[in-house]
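One structure is given below, encoded as structure tokens.
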Amino acid sequence: MKKILSILLITVSLIPALSFAQTQRVVADKIIAQVGDRIILKSDIDNALIDTKRQDPDTQLPENANCLFLQGQLVQKTLVLQAEKDSLLVEDDELEALLDNKIRFFISQYGSQEMLEQIAGRTVYQIKEDLRQPFKERTLADKMQAKILDNIKITPNEVKEYFEKIPKDSLRFYESELEVSQIAIYPKANKEVEDFVSAQLYDLKRQVEIGQKKFEALAKLTSDDPSAKENGGQFSINRAEKNIDPTFLAAAFKLKEGQISPVIKSKFGLHIIQMVSRAGDDAVVRHILKIPPVTDIEVKAAMAKLDSIHKIVKDGKMAFSEAVNKFSEDETSKFTAGFFTARDGSTYVNIDELDKDAVVALKNMTVGGISDPQTYTDDRGRKTVRILYLKTRTEPHRENLRDDYNKVSLRALEIKKQTVLEKWFKEHIPTYYITIDKSFAGCDGISEWLNVSNKTNK
């Protein structure tokens, strides 16, 4: 019954397994476990193992992987049954959206709807139907877990008690971390340069349309989108997606399969788009992106604008966060008050998570300081000008409550949730009819289910 929260994550991998591994299912199947009226087949576990290895051939599965997958299914089935008892529902629209997202993911992985259907040996409609029940169960389990853990909070005294139980030599060590915000402006290329780049794209479009070159080959050779070298400029889109430029979406969905768009201008640069395949509001497209280069004249103009913003903030006429909201053109950080974010979503970042130009600018800056305007090239290859604000800098240190309270409290909260879940399962498992095949009697972590199963089979 240990690590229920972690075990719940294991069940996620069973969902994609069902879509492709079913074709490998053996004829001679058997029921290895049952919770209430929900059965778990040996093939469910076998296919989960196969699919995990298929998705990442380098994965080293533990020796007890079959036990872990069984535990994940026992956890999920128990939660689903209780969710149905408590009248929790999965709305049809909610389930349909989850299925559509998974199909889009599969199409992006395999290149096109046709390739997906060829590999799966079934139509997209059939794949969705195969996934419908597993997705419904997974969603019900999630809702039941959320209900169990609803309103579980952690108090400062509980955090302190948790922290004081950690052996001193086991306390985590943190390198220096920073909170850094930026105001970024993108110099705009002049019209003559844009026209020249547009003419280049029209020539690439012509080469494809007369059969001289393949679109994906030209994307790999000429696109300024870094990912194009790997995927030939191809990716999946949905008409309702919010994180894709609306101009790009509108132009793409005007196309018929195989057709190439005229040159269109998005917030990222100039594009031509080829429609690969389309099914309703879902589509697979290829694109070639060209970012018109900017000259020193445009950079100086952007720097002059940034200089005036710098002065307003330095003179205290506007808070840096307000200036971010009003002036910054970097949409990635604009919604985090301009802050860089770490891999875990925190605004505290390690120095190695910053670009080299930011590192140089921050080297001698004091907390509360604002950098002079600087130029740099962002990860999309766009020349940018920015100013940086250093809000916080921590020194390398051993974990303590004064500096690291939020991190410690999150860990303490997870442990509290784990305890609540374990208690819930101990109370509820005996209320269900449970059987488990004797071949799994040696599995760790399913003792509560085994105890009920043994009583059931006496």
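Just so you know, all these numbers are worked out from the coordinates, no wet-lab data involved. Since the model is a prediction, treat every value here as computed from it, not as a measurement. Counting neighbours? That spans all protein chains shown, and the Cβs are built from the backbone with ideal geometry, glycine included.
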What is the list of residues in region 407-443 whose amide nitrogen lies under 17 Å from a point 7 angstrom out from the Cα of Asp86, following Cα to Cβ? 417-432
Could you go through region 71-87 in sequence order and give the Karplus-derived ³J(HN,Hα) for each residue, using 6.51 cos²θ - 1.76 cosθ + 1.60 with θ = phi - 60°, rounded to whole Hz, and x for Gly and Pro? 4, x, 6, 4, 4, 5, 4, 5, 5, 5, 4, 5, 4, 5, 4, 8, 6
For Asn243, what is the net charge nearby, where nearby means another residue's Cβ is under 12 Å from its Cβ and Lys, Arg count +1, Asp, Glu -1? -1
In whole angstrom, how far apart do the alpha carbon centroids of region 411-458 and region 156-172 sit? 29
Let me test this: with uniform point scatterers at the alpha carbons of region 150-274, what is the Debye-based log₁₀ I(q)/I(0) at q = 0.13, 0.16, 0.18 1/Å? -0.68, -0.89, -1.09
In cubic angstrom, how much convex hull volume per residue do the alpha carbon atoms of the chain span? 197
Please compare each pair in Lys102/Lys254; Lys229/Lys383; Lys147/Lys334 to a cut-off of 26 Å on the Cα-Cα distance and tell me which ones are over it. Lys147/Lys334
Have a look at Ala146, Tyr174, Tyr186 and report the one farthest towards the positive end of the charge dipole of region 123-188, computed about the Cα centre with Cβ charges (Lys/Arg +1, Asp/Glu -1). Ala146
Provide the per-residue ³J(HN,Hα) series for region 303-308, in order, calculated from phi with Karplus coefficients 6.51, -1.76, 1.60 and θ = phi - 60°, each as a whole number of Hz, with x at glycine and proline positions. 5, 5, 5, 5, 4, 5
Set the Förster distance to 30 Å, then compute FRET efficiency between Ala146 and Ala441 from the Cβ-Cβ distance, nearest 0.05. 0.40
Cα pair count fraction exceeding 25 Å, expressed as % - region 111-220: 72
Size of region 222-334 along its principal axes in angstrom, Cα-based, largest extent first? 56, 31, 24
Would you kindly derive the ³J(HN,Hα) couplings of region 324-341 from the backbone phi angles with the Karplus curve 6.51 cos²θ - 1.76 cosθ + 1.60 (θ = phi - 60°), listing them in order in whole Hz, with x for Gly and Pro? 4, 5, 7, 10, 5, 9, 8, 5, 4, 9, 4, 8, 10, 6, x, 6, 5, 10
As a test of the formula, what do you get for the chain when each DSSP H run with n ≥ 4 contributes -39,500 (n - 2.57) and the sum is divided by the residue count, at 222 nm and rounded to the nearest 500 deg cm²/dmol? -16000 deg cm²/dmol
Going by alpha carbons, how many degrees (0 to 90, nearest 10) lie between the helix axis of 401-428 and the longest principal axis of the chain? 30
Under a Cβ-Cβ cut-off of 12 Å, what is the net charge of the residues other than Val193 that fall near it, where Lys and Arg count +1 and Asp and Glu count -1? -1
If you line up the long axis of helix 124-148 against the longest principal axis of the chain, both from Cα atoms, how many degrees apart are they, to the nearest 10? 80
Enumerate the amide H contacts of Asp225 below 5 Å, restricted to partners 5 or more residues apart or on another chain; note that Pro and chain-start residues carry no placed amide H. Leu289
Computed from the beta carbon distance with a Förster radius of 35 Å, FRET efficiency for Lys314 and Gln200 to the nearest 0.05 stands at 0.25
